[in-house]
Amino acid sequence: MNPLTQHWRSLYTNAYLGAWNLYVQGRYMTVTVTIERAVQEQTVMEGGRKSLALLVYFAGKRTPLIVTKKMGKVIASMHGPRPMDWIGREITLYVEQGFLTRDGLADVLRVRNDKAGAGMRRALQRPPEDDGPPAEVPELETFAEEDDNAPT
């Protein structure tokens, strides 16, 4: 495959997972991955800025994901607050396009909350409970309009 048909960011060496990794054949894909390990490591961002960050590595993948606070909240809501409990669990990654950053609009990775709305989905799948026989409907009086112009 001609590398110039891929996302431009994939043409550079990238130490961490980004939206460009999900760009395949002209569109962004949604992928479900299994967390293999979670570690806290010093990361070096663009411009040389260093920061301690939570990284997750995925089964069968080499490039780790830097877990942002927003991602961490979503993963914690699905799999618990301790990163060690995330190991062996699946998450779904997707790309939010046109997210406003301090550098302008960007396409960013997001973690889909697969448990959001689970209670509502279960309620919709469950057959309705039987409330017994229907209540008696009071009889309605029928009124016939009289037409004064009708022939007699």
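The values are calculated or read from the model by the stated rules, or taken from the named source; none is laboratory data. Please read these numbers as outputs of a predicted model, since none were measured by experiment. Cβ placement follows ideal geometry from the backbone for every residue including glycine, while neighbour counts extend to all protein chains displayed.
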* Asked: Within the stretch 55-81, restricting attention to residues that are loosely packed, with under 14 Cβ neighbours inside 10 Å and not basic (Lys, Arg), which residue is nearest to Arg27 (Cα to Cα)?
  -> Thr63
* To do: Take the residues in the stretch 1-20 that are touching a helix residue (DSSP H, G or I) at 6+ places or on another chain (Cβ under 7 Å) and at pLDDT 75 or above, then tell me which one is surrounded by the most Cβ atoms within 10 Å (Cβ to Cβ).
  => Gly18
* Please find, within the stretch 88-103, the residue that is farthest from the chain's Cα centre (by Cα) out of those that are at pLDDT 95 or above and not in a strand (DSSP E or B). => Gly88
* To do: Run Ile66 past the list (1) more than 15 Å from Arg112 (Cβ to Cβ); (2) without any contact (Cβ under 8 Å) to a residue 40 or more places away in the chain and report the number of the one that doesn't hold.
  => (2)
* **Unique residue being surrounded by 12 or more Cβ atoms within 10 Å (Cβ to Cβ) and either in contact (Cβ under 8 Å) with a residue 24 or more places away in the chain or not polar (S, T, N, Q) (or both) when the list is Met84, Met45** => Met45
* Check whether at least one residue in the stretch 6-24 is among the aromatic types (Phe, Trp, Tyr), within 24 Å of Ala116 (Cα to Cα) and part of a strand (DSSP E or B), and report yes or no. => no
* Asked: Just one of the numbered conditions (1) of a type in the set (S, T, N, Q); (2) under 19 Å from the mean Cα position of the chain (by Cα); (3) surrounded by 14 or more Cβ atoms within 10 Å (Cβ to Cβ) is not true of Thr32; which one?
  -> (3)
